[in-house]
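Just below is one structure, and these are the notes that go with it.
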Protein chains: 2
Amino acid sequence: MGCWTMEKQVHGKKEAIIGAALKLFTERGFYGTSTAQISREAGVATGTLFNYFSTKEDLINDLYYEVKGNLSQSLREGLGDESSFQAKIKRMWSNLIDWGVSNPQEFLFTEHFCSSPYISKLTRDEVLKEYTFFRDVVREGMEEGQMKEFPQDLIMSILFDSGKTVVRLILNSPGTQDKEQLIENSFQLIWGGLAKE
Amino acid sequence: MGCWTMEKQVHGKKEAIIGAALKLFTERGFYGTSTAQISREAGVATGTLFNYFSTKEDLINDLYYEVKGNLSQSLREGLGDESSFQAKIKRMWSNLIDWGVSNPQEFLFTEHFCSSPYISKLTRDEVLKEYTFFRDVVREGMEEGQMKEFPQDLIMSILFDSGKTVVRLILNSPGTQDKEQLIENSFQLIWGGLAKE
DNA sequence: GGAACAAATGACTGATTAGTCAATCATGGG
DNA sequence: CCCATGATTGACTAATCAGTCATTTGTTCC
């Protein structure tokens, strides 16, 4: 009984609903997924969904906030251990790709919904605050003169988007590729264009 | 009268419907846009839409085919004039970015719908055939030993996706940026990582 | 056992959906 | 002038939607 209560705390209805929404939104889109489908997938009644989220939009905003938070956390993993600028960038590079490959559903969700009109500007701004550390690392490298002189926005966008490109490659490949080798190759490619000398 | 007839041929109902669908799909998504809204935006009756497209999915497949065809055409522009491998790649690079910046609606459509479940595998395969020239150019460069030895898929994906990154940067910037300079910078960045030596 | 409270339920509603089709319209030939 | 043909129309339908709420179920105290 106590065991059941704990189980419920770990895999509660709210988490089940968020998980079902994540799966169905990525598979069928926001408007393409009905709240009834989400409830069914989560194994709860339709009314239960609206006990936890007052509207369907609330649900996707919560989901967005949670997924982006996870990504932000993963990106920072082990970042403090690295001293050189290149090592920091490479660590974030690997972290991004590892996260995407280990969490394909979350990755595809960010791909499809980051620039979607369903997510409120408020939530978006809230999430952006979590990523200032990335901007800081890049600015640090620029000030130290570690990179050729490109606009900061260009550097950040290329770094992030190229990482996502590699995740997509791995997810779409039939698994025959050597993941570590691809991460190494792709980092060399981008770093080679970025680094001074 | 004859004039009217010609006008109708140039801006016929079908084109109006496709244009309206392009606008609304990018703004509100596939399921988020009703056929009634598309008809209203196109200035036709709801029934007229179904004279030209038997289902809503037919409409988005047609749209996808048309937009991707335009992009493919634009990518090839002036490609025959270039002799060196670097010049060919740079030409396609500029072509991609120019196309995206001049056709933001079409660009955003490809961003949101290229990997969406609404578009049939048949249409997708049909479109892929239009892009073999890109694969051929890259393979040629690889065989000539113009690039460091990376997997072909990685090279192609990075080239294409980084181009899209630059388009996004330009579209999101408040217009203050120097477009030509950004194209030059970004090409240097990618080419610098790609080229041998 | 049972009172008190919260969590969960699912039948229900008014609004909206993709798609239909009988009626209307415009055009061009005889 | 009128009829034939094909394009266009919009009221209509069955299905589905997000969200509600009166009721039932589960838990915790005494």
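What is the sum of charges around residue B:130, taking Lys and Arg as +1, Asp and Glu as -1, for the other residues whose C-beta is under 12 Å from the C-beta of residue B:130? Can you show the working numbers first?
Values: positive: B:68, B:76, B:124, B:129, B:135; negative: B:66, B:125, B:126.
Charge balance in the 12 Å sphere: +2.
Using the Karplus curve 6.51 cos²θ - 1.76 cosθ + 1.60 with θ = phi - 60°, what ³J(HN,Hα) values do you get for each residue of segment B:112-129, in whole Hz, with x for Gly and Pro?
Taking θ as phi minus 60°, the curve returns 8, 10, 5, 10, 9, x, 6, 8, 5, 4, 4, 4, 4, 5, 4, 5, 4, 4 Hz for segment B:112-129.
Output the relative contact order of chain A, whole-number percent, from Cα pairs under 8 angstrom with separation of 6+ residues.
For chain A, the relative contact order is 20 percent.
Taking square-rooted eigenvalues a ≥ b ≥ c of the alpha carbon gyration tensor, is segment A:40-157 rounded, prolate or oblate, where a/c under 1.5 means rounded and, failing that, a/b exceeding b/c means prolate?
Details: a/c = 3.03, a/b = 2.18, b/c = 1.39.
Prolate is the answer for segment A:40-157, as a/c is 1.5 or above and a/b outweighs b/c.
Towards the positive end of the charge dipole of segment A:56-194, with charges on Cβ (+1 Lys, Arg; -1 Asp, Glu), say which of A:93, A:113, A:131 has the farthest Cα.
A:113
If the only charges are +1 at each Lys and Arg Cβ and -1 at each Asp and Glu Cβ, what is the size of the charge dipole of chain A around the Cα centre, to the nearest 20 debye?
For chain A, the charge dipole is close to 540 debye.
Straight distance only, please: which aspartates and glutamates reach the Cα of residue B:88 with their own Cα at less than 12 Å, same-chain residues fewer than 8 apart left out?
Output for residue B:88: B:77, B:136, B:140.
Ignoring ligands, DNA and RNA, how do A:122, B:182 rank by accessible area with a 1.4 Å probe, largest first? Please list the in-between numbers first.
Numbers: A:122 135, B:182 5 Å².
Solvent-accessible surface, decreasing: A:122, B:182.
Rounding to the nearest 10 and keeping the result within 0 to 90°, find how far the Cα-based axis of helix B:56-76 lies from the longest principal axis of chain B.
The angle comes out at about 40 degrees.
Under 5 Å between amide H atoms, partner at least 5 residues away or on a different chain: which partners does residue B:147 have, H built in plane at 1.01 Å?
It is B:196, by chain and number.
Taking a threshold of 28 Å on the Cα-Cα distance, which of the pairs B:90/B:129; A:179/B:196; A:56/B:129; A:68/B:121; A:121/A:148; A:196/B:68 fall above it? Walk me through the intermediate numbers first.
Numbers: B:90/B:129 22 Å; A:179/B:196 23 Å; A:56/B:129 40 Å; A:68/B:121 30 Å; A:121/A:148 34 Å; A:196/B:68 37 Å.
Flagged as over cut-off: A:56/B:129; A:68/B:121; A:121/A:148; A:196/B:68.
Taking a 1.4 Å probe, which of A:62, A:178 shows the most accessible area, and what order do the others take after it?
A:178, A:62
In what sequence, largest accessible area first, do B:58, B:161 appear using a 1.4 Å probe?
Working: B:58 70, B:161 20 Å².
My answer, sorted largest first, is B:58, B:161.
Enter the accessible area per residue of segment B:70-197 (Å², integer; probe 1.4 Å; all protein chains in place). Write out the running numbers ahead of the final one.
On the way: 6180 Å² over 128 residues.
I get 48 Å² per residue for this part.
Classify the protein assembly as shown as rounded, prolate or oblate, taking a ≥ b ≥ c as the square roots of the eigenvalues of its Cα gyration tensor: rounded when a/c is under 1.5, otherwise prolate if a/b is larger than b/c and oblate if not. It would help to have the intermediate numbers written out before the result.
Working: a/c = 1.88, a/b = 1.03, b/c = 1.82.
Here the protein assembly as shown falls in the oblate category.
Gaussian network model of chain A, Cα springs within a sub-10 Å range: biggest mean-square fluctuation belongs to which of A:95, A:185, A:61?
Judging by the Gaussian network model, the answer is A:185.
Could you derive backbone 3J(HN,Hα) for segment A:21-31 from the dihedral phi with the Karplus parameters 6.51, -1.76 and 1.60 (θ = phi - 60°), listing whole Hz in sequence and x where the residue is Gly or Pro?
With the stated coefficients, segment A:21-31 comes to 5, 4, 5, 6, 4, 5, 7, 10, x, 5, 6 Hz.
Once phi is turned into θ = phi - 60°, what whole-Hz ³J(HN,Hα) does the Karplus curve with 6.51, -1.76 and 1.60 give for every residue of segment B:137-148, x standing for Gly and Pro?
Karplus-based 3J(HN,Hα) across segment B:137-148 equals 4, 5, 4, 3, x, 5, 5, 6, x, 7, 10, 4 Hz.
Any idea of the total accessible area buried by the A-B contact, 1.4 Å probe, rounded to 100 Å²?
Details: alone 11270 and 11260 Å², together 20060 Å².
In total, chains A and B hide about 2500 Å² from solvent.
Could you please report the charge total around residue B:168, scoring K, R as +1 and D, E as -1 over all other residues with beta-carbon less than 15 angstrom from its beta-carbon? Please report the intermediate quantities before stating the final value.
Numbers: positive: A:164, B:164, B:179; negative: A:111, A:153, A:161, B:98, B:106, B:111, B:161.
Neighbourhood net charge equals -4.
Looking at segment B:134-168, which GluC sites (Glu not before Pro) are in a loop (DSSP not H, G, I, E or B) and have at most 12 other Cβ atoms within 10 Å?
Details: sites: B:140, B:143, B:144, B:149; in loops: B:144, B:149.
Filter output for segment B:134-168: B:144, B:149.
Assuming a ≥ b ≥ c are the square roots of the Cα gyration tensor eigenvalues, decide whether chain B counts as rounded (a/c under 1.5), prolate (otherwise, with a/b larger than b/c) or oblate. Walk me through the numbers on the way to the answer.
On the way: a/c = 2.17, a/b = 2.00, b/c = 1.09.
It comes out prolate by the Cα gyration axes.
What's the magnitude of the charge dipole for the protein assembly as shown around its Cα centre, counting Lys and Arg as +1 and Asp and Glu as -1 at the beta-carbon? Answer in Debye, nearest 20. Display every interim value, and only then the final one.
Details: 44 positive and 56 negative charges, 219 e Å.
The calculated dipole for the protein assembly as shown is roughly 1060 debye.
Out of the total accessible area of segment A:46-148 (probe 1.4 Å, heavy atoms of protein only), what percent is carbon and sulfur?
On the way: 2410 of 5180 Å².
Its accessible area is 46 percent carbon and sulfur atoms.
Give the nm distances, rounded to one decimal, from residue B:181 to the matching residue in every other copy, measuring between label points 7 Å along Cα toward the beta carbon; shortest first.
4.2
The values are calculated or read from the model by the stated rules, or taken from the named source; none is laboratory data. Worth saying up front: this structure is predicted, and the values here are computed from it rather than measured. Backbone-built Cβ (ideal geometry, glycine too); neighbour counts: all protein chains shown. Surface accessibility is based on the protein's heavy atoms, side chains included, excluding ligands, DNA and RNA. Shrake-Rupley method; radii C 1.70, N 1.55, O 1.52, S 1.80 Å.
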